[in-house]
Amino acid sequence: MQPSVPSFAELLDGAQSSAVHLEMRDAYGVANEVEEFARWKRTGECDVDPGSAGWSPWVELIRRTVCRGVAVRRARIVSEPVSDYVRFEHAGTRVNIGAGEQVRWLPRRRASDIALPGNDFWLIDDHIVRWNHFTGEGASGGGEMNDDPAVAKLCSQAFEAVWARAVPHEEYELR
């Protein structure tokens, strides 16, 4: 039986030591970002206020997770030249970092020989996987949980291989 899919708050609030997130798409079209992305494309400005309605819930969640001693790391595999969406994402990443996340970027060319799962995921404490499914247009296709030790090991090894090669956010130059 498929485990139910907890909210991100439930997932991160339950983390004991680590929460890692691997993103592998060049564009997302999730509903809660559509307007902000369109505004950024028009004006070049994006919301970087950690207290804004768009960021505040995430910032509070990450801060309380990190305050408990949980390491929160996010790695993004991106094609170069990067897409407009990745430029938008890069511009807002300072909020993730300010909240306590560690973020790195890996050019897709440097990931060619890494065995990667077929979907973005969160891995909690090296044993619980939350797959993030997306439609072809990048809208959320829902989440799926998996606690199979072999799947968790695949995700852990993939994430760590990406992390070892990836460039810290502060050093990554958009190309």
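FYI, it's all coordinate maths here, none of it is from the lab. If you're wondering where the values come from, they're calculated on a predicted model, not measured in any experiment. Don't worry about glycine lacking a Cβ; one is built from the backbone with ideal geometry, like all the others, and counts go over all protein chains shown.
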**Asked** In sequence order, what are the phi-derived ³J(HN,Hα) couplings for the stretch 104-114 according to the Karplus relation 6.51 cos²θ - 1.76 cosθ + 1.60 with θ = phi - 60°, rounded to whole Hz, with x for glycine and proline?
**Response** 10, 10, 10, x, 3, 4, 8, 10, 4, 9, 9
**Asked** With point charges of +1 on the Cβ of Lys and Arg and -1 on the Cβ of Asp and Glu, referenced to the Cα centre of the chain, which listed residue (P50, S79, A9) lies farthest in the positive direction of the dipole?
**Response** S79
**Of the GluC sites (Glu not before Pro) in the stretch 54-156, those whose Cβ has at most 16 other Cβ within 10 Å and which sit in DSSP loop** = E137
**Prompt:** How large is the charge dipole for the stretch 1-93, taken about the Cα centre, if only the Cβ atoms of Lys, Arg (+1) and Asp, Glu (-1) carry charge, to the nearest 20 debye?
**Reply:** 260 debye
**Dipole magnitude (debye, nearest 20) for the chain, charges at Cβ of Lys, Arg, Asp, Glu** = 400 debye
**Request:** Give me C155, C46, C67 ranked fewest to most by other Cβ atoms within 10 Å of their Cβ, as a rough exposure proxy.
**Result:** C67, C46, C155
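Please go through the stretch 1-79 and write out the trypsin sites (Lys or Arg not before Pro) that DSSP classes as loop and that have at most 14 other C-beta atoms within 10 Å.
Answer in residue order: R68.
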**Asked** Counting only residues 5 or more places away or on other chains, whose amide H sits under 5 Å from the amide H of L106 once H atoms are built in the peptide plane?
**Response** R76, I77, V78, V167
**Asked** Could you state the number of Å between the C-alpha centres of the stretch 1-72 and the stretch 116-175?
**Response** 14 Å
**Asked** What FRET efficiency would be calculated for the residue pair E144, R175, taking the C-beta separation as r and a Förster radius of 25 Å, to the nearest 0.05?
**Response** 0.15
